[in-house]
Structure formats: structure tokens, C-alpha cells
Amino acid sequence: VLGATLRWTGLLTIPMLLLLLMFRDPIMGLYGAGFEGRGTVLALLACATVLVAFQVPFTQLMIAAGKMWQGMYINLGWALVLLSMTWWLLSRNLGAEGLAMAYLVAYLAHSVWTFQFARRFVRG
């Protein structure tokens, strides 16, 4: 079931990600002049969203296994990475791109920790 869920997740999210990446600037331009040329923000957040989508089945596995404390520590780590990266990137005047990058980095860290938990759990 986990394998099938991951395959479906990939089949549904990867094509959407590719479309968003290809048309990120025109999409952002639809929101008005203040958003034109800000496609990098959309690209970074779209990549972070795909990471989240792939984590959901593993999060459900963690919940079903009654490993809520491990989940809490993983989420705490995510929050610490997000806050520290946000502070660091915004202090360098990166604005919306910095915030989007902070989310991507935080979800990359969260993915590593979540996938490591799942790998250990599934292997027994």
C-alpha cells in the first residue's frame, strides 16, 4: 500500500510541478504587476509542496504505528530549521525568495528525517 501510494503521489504531483516550473513567471504575472518576475517564489514553494506530498504516506505510517513522539520531534526540528533559515535568509534581504527558500530547506530536512524513520520502521 505504501509503494502504491508513493507511485500515485508521483504520478499526480510531478507533472503538476513540471507545469508550474515551466510557466511560473506567466502564472505569477496573473496576480498583477507586483508579482511579475517573481516565478522563483512559486518554483521554490512548488518544490516544497511536492516534498510534503511524498511525506504524507510516511506520516500516516508514523501515526498508525503510534510513534507520535518521534513525529513531534521531527516537526520540532522542521520548525527550528524553518525559523533559523527564515531569519538568516531574510537578514540578507532576500524577501519572498528567502522565505520560500527557507520553507524548501526546512521541508528537505523534514523529508530526510521522515524517510529515515520510515526506512528503519519498515525494515523492522
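Computed over the chain with a Gaussian network model linking Cα atoms closer than 10 Å, the most mobile of Met72, Met85, Met28 is Met72. Think of a 1.4 Å ball rolled over the protein heavy atoms: the chain then has 64 Å² of accessible area per residue.
Taken as Cα centroids, the stretch 3-58 and the stretch 60-124 sit 18 Å apart, rounded to the nearest whole angstrom.
Leaving out ligands, DNA and RNA, what percent of the accessible area of the chain is carbon and sulfur, probe 1.4 Å? Carbon and sulfur atoms account for 72 percent of the accessible area of the chain. Each peptide in 49-58, 91-100, 115-124 receives the mean, over its residues, of other Cβ atoms within 10 Å, and ordering these scores from highest gives 49-58, 91-100, 115-124.
Two numbers describe the Cα atoms of the stretch 14-53: Rg and Dmax, which are 10.1, 31 Å.
What percent do you get for the relative contact order of the chain when only Cα pairs under 8 Å and 6+ apart count? Please report the intermediate quantities before stating the final value.
Numbers: 110 pairs, mean separation 31.9, N = 124.
Dividing the mean separation by the residue count of the chain yields 26 percent.
How big is the charge dipole of the chain about its Cα centre, in debye rounded to the nearest 20, if each Lys and Arg gets +1 on its Cβ and each Asp and Glu gets -1 on its Cβ?
Details: 8 positive and 3 negative charges, 104 e Å.
In total the dipole reaches around 500 debye.
Checking (i) 40; (ii) 48; (iii) 52 against the coordinates, the calculated percent of Cα pairs over 20 Å apart falls under label (iii).
The values are calculated or read from the model by the stated rules, or taken from the named source; none is laboratory data. Keep in mind the model is a prediction, meaning the values are calculated, not measured. Glycine also receives a Cβ, built like all others from the backbone with ideal geometry; neighbour counts cover every protein chain displayed. The accessibility values were calculated without ligands, DNA or RNA, using every heavy atom of the protein model including side chains. Shrake-Rupley method; radii C 1.70, N 1.55, O 1.52, S 1.80 Å.
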